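What follows is one structure encoded as structure tokens, with my remarks underneath.
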Amino acid sequence: MASSFLKNKNSYTLLEVTIVLLLLSFAILIVSQIYLNVINTSIIVNDYYQSLENVRLGTEKLWRILKYGWSFKVLNNGQGLSFQKKDCTTTTISFDSLNRILNYQEENLNPESVFDPDLVKVNRIIFVTDTPNVNENYAYFQYAPKVIVIFYDLEIRSKRGVTTSLVFEQAVAPLNSTYTSNLCQR
Amino acid sequence: MKSKGASFGEIMIVFLIISVALIVFLRITSDYLKSLVFVKEFFILNSLLQSKYQLLIAYRNKALERPFGGETIQTAVWPSFPNNFCIDFDASTGKINVNSASTCEFKLINGLRLNYATYTISSAPFNDYYIFSIRAYDRLRRISSEIENIYITKWHPAF
């Protein structure tokens, strides 16, 4: 049998085998590259979802706190907001342009970032409130802001260094803006 | 003598398999990216819808800002048009503006306009309240988002 195997004249030459192996390697390389790109894309997309979720959590937190807040004051030409929380704690939200983060700070406590600094960078933030229609300030509802509008220009990031911008606006109509007196100033 | 070369049919089958594999891979990648774009756009549209919803509440509450001497329960000054209108916040004046229009552009407070997205507010007036529906539409991606049946009373008591 061995002798008949060696005598087989129909075998492939070394060149043919090399060409086949080369073509096969190219095919495997291309397919694996495409597969890796799909995996990379899915990782990037998952990272973006995580970043978007972080933005949603941060903005919802701000929305909830501002909804029950008192005595709102816009700081630094719209780059920050000072107010009193539901429990009358003086609180500040401010933009740190150097580190591109949005800080949330309660009285006597250390500042904490609203968004995860590894996932979300803040390019620009603007806080504005409406102006009252009258000059009288006997009652809180006459001078309390009826709406706070926040403009966000964010950069959401993936762990692989790919970034995309996210520009949107958020408005909050505080519940306490219709009260006769400011409960935090009693 | 039997030919060693591949037949035309065999080559076509190989090309077909490679093409299908490529299409499947590219489709998966494209779907991933599309889903990301859609999620981002929905996030923006929903934030803007929520913002309009809050502006409607704020606009109603503005009716309380009147000089003393009047009633404590005030009727909100809603526009006389019954159906569609736009509501925007003008950051330079600090006023909430309401204008009659059937389709509205999103104007952000820094002057940016989202030209690819529009919104409509439809209202149904009743004696004591309005029912609003806000619908945002993204013309580029052909997606829309809506908040329906927002009941807002025409007045607000001062607590």
**Prompt:** Cβ under 12 Å from residue A:101's Cβ, residue A:101 left aside: what net charge do those residues give with Lys, Arg +1 and Asp, Glu -1?
**Reply:** -3
**Request:** At 7 Å along the Cα-to-beta-carbon direction for both residue A:63 and residue B:7, put a label point, then send me their distance in nm to one decimal.
**Result:** 6.5 nm
**Fill in**
From DSSP H assignment alone, runs of 4+ in the protein assembly as shown each adding -39500 (n - 2.57), the sum over residues rounded to the nearest 500 puts [θ] at 222 nm at -12000 deg cm²/dmol
**Prompt:** How high is the relative contact order of chain B, in percent, with contacts defined as C-alpha pairs under 8 Å that are six or more residues apart?
**Reply:** 20 percent
**Prompt:** Taking the Cβ of residue B:153 as the center, what net charge do the other residues with Cβ under 12 Å away carry, scoring Lys and Arg +1 and Asp and Glu -1?
**Reply:** +1
**Prompt:** Stretched out fully, how many nm does the piece from residue A:163 to residue A:26 gain, at 0.36 nm a residue minus the Cα gap?
**Reply:** 46.1 nm
**Complete:** Where a ≥ b ≥ c are root eigenvalues of the Cα gyration tensor, a/c under 1.5 meaning rounded, otherwise prolate if a/b exceeds b/c and oblate otherwise, segment B:85-155 counts as oblate
**Request:** Express in nm, to one decimal, how much length is gained between residue B:126 and residue B:16 on full extension, taking 0.36 nm for each residue of separation and deducting their alpha carbon distance.
**Result:** 33.2 nm
**Sites residue A:42 and residue A:118, calculated FRET efficiency, Cβ-Cβ separation with R0 30 Å, nearest 0.05** = 0.95
**Prompt:** Alpha carbon centre of segment A:14-85 versus segment A:134-186: separation in Å?
**Reply:** 27 Å
**Prompt:** Can you give me the relative contact order of chain A as a percent, contacts being Cα pairs under 8 Å and 6 or more apart?
**Reply:** 18 percent
**Asked** Measuring from the lowest to the highest alpha carbon on each principal axis, how far does the protein assembly as shown reach, largest first, in angstroms?
**Response** 118, 50, 31
**Item:** Between helix A:14-67 and chain A: long-axis angle, C-alpha atoms, 0 to 90°, nearest 10
**Value:** 10 degrees
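Taken together, the values in this text are just the output of simple stated rules run on the coordinates, not laboratory data. Please read these numbers as outputs of a predicted model, since none were measured by experiment. No Cβ is skipped: glycine too gets one built from the backbone with ideal geometry, and neighbour counts run over all protein chains shown.
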